[in-house]
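Read the structure below first, then the notes.
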Amino acid sequence: MRLFGEPWTPETADTWTRHDLLAAVLSATVFVAVALGATWTFIGNPRGWAWLGLALGASLLLHAIIERKLQAQSEAFRRHEKAHKQAVDDRNRWEG
Amino acid sequence: MVTFQPLDWFWVAAYTALTVALGAVFYLLGRRSSEDFFIAGRKLPWWLPSSSVYATHTATDTPIWMMGAVYRYGLAGIWLGFFSAWAAISAFVSTKIFRRSLAYTHAEYQSLRFGGLGGELLRGWIAGWQIFMQMFILGWVGIAMGRVANLAFGWPDWWGLVLFGVLGAVYTIAAGYWGAIIADVQQGVVAFAVIALVSVWGVAAAGGLGGMQERLFAAGKGWMLDPLHFTGLFTGDFSVFWFVTILVVALIGGLGMGTSIDWYIEAQRIQSAKSVRDASWAMWTGALLIVLRNAIWGVAMLAFVALFPALDVADPAQARTAELGWYHLGFNTFPVGMVGFFFAAVLAIHLSTVSGSMNLGAMYWTRDIYQHYIKPHATERELVRMGRLATGAVLLGSFVYGSIIGSITEWLIFALWIMVAGVWLPNILQVVWWRVNSWGYLATWIANLGLSWLVVWVLPAYGLLPELHASYQFWLLMGLSALIFIPVTLLTKPEPMERLVAFYDAARPVGWWGPVRRAWERERARGAMGPRDPPGAQEAGGR
């Protein structure tokens, strides 16, 4: 399975893969880097720019890895959503 | 007190009119169905719930407690606002799972994930707890707004609580979640702009970045410029251990619904997104904005410390001045005619939180209690009407809590802590481990009420346990709760496989779900599993 540009099908997109793991790790990195980078940058500490650069790079990588998979997952789920919604509503009314 | 000029009143009047007008404009959308009134029909593109995540978590009390933290710990204090970073991992794990479950609320999720009596008990408990908590939170932020109005106009605190609560209720009752979320967008923009402006003006008042730093060094507070300044590895109020605990609670909590204080309100925003992808990016960008906001706020607050470095936070009166420091900066550094703009932005900050909490509390009542237990076959018209009534009731309840908030602040902090420490692990495991059942989870909730009480108050009062720092309290409560959660879970039956398979089919949880996944695959292979792709769908889905 390619890290970038994988041609996701509804079936493959619905499975958890290393793309999700990488997205989670990169995302956590972005949050810590933004917190540190923005704080240092706003008080004029040049270290802040390096951290913001790391945050930007990690964000772009994250998007490149996960966006197509998210789109495919959404598309796959959309086909099921109406029936699932009916089941949830029925259960809420004690009919399911 | 602040003296308003006509231009200042213009800003306040214009902003109030704009906000109330939104209620009128979106009234027709909100009344269409309960799904519209509470989750905007699940039709929102990512940037709308994203704005709401940011705006809702920017409340009038936020700069008060953050200012208190920065005054004590310098820029390291911003890490106390890092709990919102639970969305970093959640956006790509539990957010997707929850959006696919299609549960309106975290309470409803319990009855989809778990079955039978246990699931219903959990649902009823969480719904009731959340109605209570939304009143509590509304009272808390309402009285914070009262303190700001007291600072600005000398009003008694309860005037601000009531007046601005009613203002928020006008458009929330009229348009429900549609009104709240659309208002959140403009409120978020206004609030972000003003937060940035106060930082610019505040730093300028302190002599610019260089002047601010010189003042801090002269006052012996140069260490405050370091966001990684800690009081020791394990010692002091802000140790490395506390910092690491915050990171773990927030980030790892995102695997499930770990930081459940935030989870409840974000669950509504997740469910209002039009797709799984939109839900993910809404949570990610909204929470990232909060982290960015904390940094901008931190600089303004540091400017206040530079201007007034000698306040004694052990003295209640001076501590109150320190905590209101960000508001002092806004009211005192904005030019004539713009002070009203600052106050309008404070109103925006306040209304975005109260509208969200009112609608959320009303949703728990209407969906989880009224429709589920009292009148299952209520019409959509009845549900919307009940939603409106409940919105008003939540507001009235908040006035009661707001009026006694001074004496219950410790209770609130205690209640919030209960929602994090003891149930942190079960909140994660119920998402990633199929074997978690309703009895283990429910037993942990109940035990956690007693354990938190013992660890935080009773045992230290009798000298049986030292007064522990929050970081140690967290790990101790988590460990003690695990001693109840794991045995009860393993000694009671798993949830029925049929229920787990139905849940798996919709939500596709991650982690240790092997037995359920295999059962689901068998069901699917023999064509017995719920909805199936239409012919040719797989090819069409590939991109």
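Here, each number is a calculation from the coordinates, and none is a lab measurement. Everything numeric in this text was worked out from a predicted model, so none of it was measured. Heads up, the Cβs are rebuilt from the backbone with ideal geometry, glycines too, and the neighbour counts pull from every protein chain shown.
Rounded to the nearest 10 degrees, the angle from helix A:18-42 to the longest Cα principal axis of chain A is 40 degrees.
Between B:Ile446 and B:Leu18, the FRET efficiency estimated from the beta carbon spacing at R0 = 30 angstrom works out to 0.05. Within segment B:348-367, what residues put their amide N at less than 19 Å from the label point 7 Å along the Cα-to-Cβ vector of B:Ala193? Flagged as within label range: B:348-353. Length gained on full extension, B:Val313 to B:Val336: 5.2 nm, using 0.36 nm per residue less the C-alpha separation. Mind running the shape call on segment B:58-206? Use the C-alpha gyration tensor, a ≥ b ≥ c as the square roots of the eigenvalues: rounded below 1.5 for a/c, prolate if a/b tops b/c, oblate otherwise. Prolate. Each other residue within a Cβ distance under 15 Å of B:Asp312 adds +1 if Lys or Arg and -1 if Asp or Glu, for a net charge of +1. Shown here for chain A: chymotrypsin sites (Phe, Trp or Tyr not before Pro) in loop regions (DSSP other than H, G, I, E, B) with at most 10 other Cβ atoms within 10 Å, namely A:Phe4, A:Trp94. With a threshold of 19 Å on the Cα-Cα distance, the over-threshold entries among A:Lys85/B:Lys493; A:Lys82/B:Lys375; A:Lys85/B:Lys43; B:Lys274/B:Lys375; A:Lys82/B:Lys96 are A:Lys85/B:Lys493; A:Lys82/B:Lys375; B:Lys274/B:Lys375. Mean projected area of the Cα convex hull of segment B:277-366, taken over all directions, amounts to 9.0 nm².
Only helices enter this figure: runs of n ≥ 4 DSSP H residues, each worth -39500 (n - 2.57), summed and divided by the residues of chain B, yield -23000 deg cm²/dmol at 222 nm to the nearest 500. Using a Förster distance of 35 Å, how high is the FRET efficiency between B:Leu28 and A:Trp94, based on the Cβ-Cβ distance and rounded to 0.05? In this case the efficiency is close to 0.65. Note on the protein assembly as shown: along the principal axes its Cα atoms extend 76, 57, 52 Å, ordered by decreasing extent. Seen from a random direction on average, the alpha-carbon convex hull of segment B:33-82 projects onto 4.5 square nanometres.
Using a ≥ b ≥ c from the Cα gyration tensor of chain A (square roots of the eigenvalues), is it rounded, prolate or oblate, where a/c under 1.5 gives rounded and otherwise the larger of a/b and b/c decides, a/b for prolate? Cα axes put chain A in the oblate bin. In this rough spin-label picture, where each label sits 7 Å from Cα along the Cβ direction, the B:Leu228-B:Leu476 distance is 3.1 nm. If all Cα-Cα distances of segment B:426-490 are sorted into 5 Å bins from 0 onward, what percent lands in each bin, rounded to whole numbers? Per 5 Å bin, starting at 0, the Cα pair percentages come out as 4, 18, 26, 21, 14, 10, 6, 2, 0. Can you give the net charge of the other residues whose Cβ lies under 10 Å from the Cβ of A:Ala23, counting K and R as +1 and D and E as -1? Around A:Ala23, the surrounding residues sum to 0. As I understand it, the value is the acute angle between the Cα axis of helix B:514-525 and the longest principal axis of the Cα atoms of chain B; what does it come to in degrees, rounded to 10? Helix B:514-525 and the main axis of chain B meet at about 50 degrees. Placing R0 at 56 angstrom, the Cβ-Cβ distance between B:Thr235 and A:Ala83 gives a FRET efficiency of 0.45 after rounding to 0.05. Taking θ as phi - 60° and the Karplus parameters 6.51, -1.76 and 1.60, the scalar couplings of segment B:431-443 work out to 8, 9, 9, 4, 6, 4, 10, 5, 5, x, 5, 5, 4 Hz in sequence order, x denoting glycine and proline.
Pulled fully out, how much extra length does the chain show between B:Phe153 and B:Trp512, if you take 0.36 nm times their separation in residues and subtract their Cα-Cα distance? This chain segment gains 123.5 nm when fully extended.
Applying Stokes-Einstein at 20 °C and 1.002 mPa s to the Kirkwood radius of chain B, computed over alpha-carbon pairs, gives a translational diffusion coefficient of 88 µm² s⁻¹.
Taking only Cα atoms, what is the 0 to 90° angle, nearest 10, from helix B:6-25's long axis to the longest principal axis of chain B? Computed tilt is about 10 degrees. Its relative contact order, with pairs defined as Cα atoms under 8 Å and 6+ residues apart, puts chain A at 34 percent.
Each of B:Ala282, B:Gly298, B:Ala322 was placed along the dipole of segment B:274-330 (beta-carbon charges, centred on the mean Cα), and the one lying farthest toward the positive end is B:Ala282.
Sequence-distant contacts, meaning Cα pairs under 8 Å at least 6 residues apart, place the relative contact order of segment B:267-363 at 16 percent.
Classify segment B:2-134 from the C-alpha gyration tensor, please: rounded if a/c falls under 1.5, else prolate or oblate depending on whether a/b exceeds b/c. Provide the component values of the computation, followed by the final result.
Working: a/c = 2.18, a/b = 1.30, b/c = 1.67.
Cα axes put segment B:2-134 in the oblate bin.
Per residue, the average separation of C-alpha pairs within less than 8 Å and at least 6 apart gives chain B a relative contact order of 28 percent.
Taken about its Cα centre, segment A:16-96 carries a charge dipole of roughly 100 debye when the Cβ of each Lys and Arg holds +1 and the Cβ of each Asp and Glu holds -1.
Each Lys or Arg adds one and each Asp or Glu subtracts one; over the other residues with Cβ under 15 Å from the Cβ of B:Tyr15, this totals -2.
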